[in-house]
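Each remark here refers to the structure printed beneath this line.
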Amino acid sequence: MSGDYDITYFEPQEVEFFYGKGTTMHFRHRGTDYANVGIFRTFPFSKPYEYISIWNEDTELGVIKSVDQLDDESEAVLKRELHVRYVVPEVKRIQSIKEEPGLWIFALDTDRGPLKLMMRNIHEHLDLLPPNRIIITDMDGKRCEITNIKALDLNSRKELSKVI
């Protein structure tokens, strides 16, 4: 990289993701291997499998434009690692949304079990995304997602109507 804001985009045919010994993910670019690389979604909600930033310690190596353009094995490895890194429970039911002085409390059932979220200014913690999606982030950074508001049961939608 030649400047502070230059971005290196990797060509799909020049990169490979694979597992070394155990479950450590490795990255290969033009014959150079990197172990324990960091992977980060640059657009985690709108483009979860596009523009994936690849890091080696504290240096960005470059960006994969689309995971789908990689060879089958690399695509599978990278998608698995992204899934592990970005676990976001999916809300199946809203038990309750209560307001206490200076605090909102969400009691939720997710695909990973019950979840309780607390937040002060609710509108800073709800990201409304089209179509009918909501990302909820509490004061401690815990996240969950409502993938389709319309698919929630009637009671859940009534609870949600208190805040949106």
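Here is how the numbers come out for the structure above:
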quantity	calculated
Net charge dipole size for the chain [Lys, Arg +1 and Asp, Glu -1 on Cβ; Debye, nearest 20]	960
Links that overshoot a 28 Å alpha carbon limit, given the list LYS47/LYS92; LYS21/LYS92; LYS47/LYS158; LYS47/LYS150; LYS21/LYS116	LYS21/LYS92; LYS47/LYS158; LYS21/LYS116
Normalised contact order of the stretch 91-160, rounded percent, pairs of Cα under 8 Å and 6 or more residues apart	29
Gain on full stretching of the segment that runs from GLU57 to ASN148 - 0.36 nm per residue minus C-alpha separation	29.1 nm
Sites MET139 and GLN69 - FRET efficiency at Förster radius 35 Å, r taken between beta-carbons, to 0.05	0.35
Net charge dipole size for the stretch 68-164 [Lys, Arg +1 and Asp, Glu -1 on Cβ; Debye, nearest 20]	600
Net charge contributed by nearby residues that have their C-beta within less than 10 Å of HIS29 (K/R +1, D/E -1)	-2
Approximate spin-label separation VAL163-LEU103, in nm, with each point projected 7 Å along Cα-to-Cβ	1.4
Folded to 0 to 90 degrees: helix 72-85 orientation relative to the chain principal axis, Cα	40
Label point at ASN155 placed 7 Å out along Cα→Cβ; residues across the stretch 101-138 whose backbone nitrogen lies under 20 Å	105-117
Residue-span extension gain [ASN132 to ASP6] - 0.36 nm each, minus C-alpha spacing	41.8 nm
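Just so you know, all these numbers are worked out from the coordinates, no wet-lab data involved. Everything numeric in this text was worked out from a predicted model, so none of it was measured. Here the Cβ is made from the backbone with ideal geometry for all residues, glycine too, and neighbour counts use every protein chain on show.
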